Amino acid sequence: KWESPEGCLTFSFTTSVDQAALLPFFQYVVSMAVYNAVSAITKEDAKASVGLQLKWPNDIYGPNAAKIGGVLCESRVKVRNRRA
């Protein structure tokens, strides 16, 4: 169960990938999407407008280097039965 303090934005989504090696790539894509969304909303670069910065692989920092978020990917392996 995920719990968040009042006023915090939290969300999750589910997707499937055929190649498990691609999963870490999703952390980068989501982090960049957050950065690009803030840039679009403020109509200037997110770092210049609100001090937003990304620290790889998954941390999002705001003004004064305060960590304000992160991206977590969880995986489960589904084994398919194959006959030789």
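The values are calculated or read from the model by the stated rules, or taken from the named source; none is laboratory data. These numbers come from a predicted model, not from an experiment. Cβ atoms come from the backbone with ideal geometry, glycine included; neighbour counts cover every protein chain shown. Just so you know, the surface numbers come from the protein's heavy atoms only, side chains and all, with ligands and any DNA or RNA stripped out. Shrake-Rupley method; radii C 1.70, N 1.55, O 1.52, S 1.80 Å.
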Q) Identify, please: which residue in region 3-14 is open to solvent by 80 Å² or more (accessible area, probe 1.4 Å) and under 21 Å from SER31 (Cβ atoms) and is, among those, modelled with the lowest pLDDT? A) LEU9
**Q.** Condition check for SER31: surrounded by 12 or more Cβ atoms within 10 Å (Cβ to Cβ), over 24 Å from VAL17 (Cβ atoms) and either of a type in the set (Ser, Thr, Tyr) or over 18 Å from the mean Cα position of the chain (by Cα) (or both)
**A.** no
Q) Does ALA37 satisfy the criteria of being among the hydrophobic types (A, V, I, L, M, F, W, C), surrounded by fewer than 10 Cβ atoms within 10 Å (Cβ to Cβ) and under 18 Å from CYS8 (Cβ atoms)? A) no
Q) Scanning for something small (Gly, Ala, Ser), within 11 Å of the chain's Cα centre (by Cα) and modelled with pLDDT of 85 or more, does region 39-54 turn up at least one residue? A) no
Q) Which residues, counting only those in region 43-74, are under 19 Å from TYR28 (Cα atoms) and open to solvent by 80 Å² or more (accessible area, probe 1.4 Å)? A) LYS47, GLN53, LYS55, TRP56, LYS67, ILE68, LEU72, GLU74
Q: Collect the residues in region 17-33 that are in contact (Cβ under 8 Å) with a residue 24 or more places away in the chain, among the aliphatic types (A, V, I, L, M) and under 16 Å from GLY70 (Cβ atoms), keeping them in residue-number order.
A: LEU23, VAL30
